[in-house]
1. Evaluate the following for Arg7: is it open to solvent by 50 Å² or more (accessible area, probe 1.4 Å), out of contact with any His (no Cβ under 6 Å at 6 or more places or on another chain), among the basic types (Lys, Arg) and not in a strand (DSSP E or B)?
2. So, in the range 42-56, exactly how many residues are exposed (fewer than 14 other Cβ atoms within 10 Å of the Cβ) and in a loop (DSSP other than H, G, I, E, B)?
3. Can you list residue pairs whose Cβ atoms sit under 7 Å apart, with the first residue in the range 38-65 being under 15 Å from Ile5 (Cβ atoms) and the second being open to solvent by 60 Å² or more (accessible area, probe 1.4 Å) and part of a helix (DSSP H, G or I)? Count only pairs 6 or more apart in sequence or on different chains.
4. Given (1) open to solvent by less than 60 Å² (accessible area, probe 1.4 Å); (2) modelled with pLDDT of 90 or more, where does Thr26 come up short, assuming only one miss?
Amino acid sequence: MGGLIAREIALKAPTSRVRLHIVGITTISSPHNGTDASAIAAALRVSTHCTSDMEHGSSMLASLHARWK
């Protein structure tokens with residue numbers, strides 16, 4: 001999930017009050033195309049509130065992909 005957060009921060013950097021100079025981002029095992037974390041959370045009877053954005057085809061991932069070009 002850290003890779004998704006890093007991409008979101010990089011996309012917001014140009015409009016941020018804090019000046020960031022991001023040269024590149026390297027991610028390892030980030031669920032860029034989605035994950036079944038919500039299914040696992042549901043099976044464990046844990047709230048899926050925080051994992052639903054990482055589901056395959058979620059609006060959050062679609063938005064991130066559209067802006068990351």
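1. Values: open to solvent by 50 Å² or more (accessible area, probe 1.4 Å): no; out of contact with any His (no Cβ under 6 Å at 6 or more places or on another chain): yes; among the basic types (Lys, Arg): yes; not in a strand (DSSP E or B): yes.
It is false that Arg7 is open to solvent by 50 Å² or more (accessible area, probe 1.4 Å), out of contact with any His (no Cβ under 6 Å at 6 or more places or on another chain), among the basic types (Lys, Arg) and not in a strand (DSSP E or B).
2. Result for the range 42-56: 7.
3. Hits for this filter: Met60/Asp53.
4. Going through the list (1) open to solvent by less than 60 Å² (accessible area, probe 1.4 Å); (2) modelled with pLDDT of 90 or more, Thr26 breaks only (1).
The values are calculated or read from the model by the stated rules, or taken from the named source; none is laboratory data. Since the model is a prediction, treat every value here as computed from it, not as a measurement. For neighbour counting, all protein chains shown are included, and Cβ atoms are generated from backbone atoms with ideal geometry for every residue, glycine included. We work out accessible area using only protein heavy atoms, side chains counted, and drop any ligands, DNA or RNA first. Shrake-Rupley method; radii C 1.70, N 1.55, O 1.52, S 1.80 Å.
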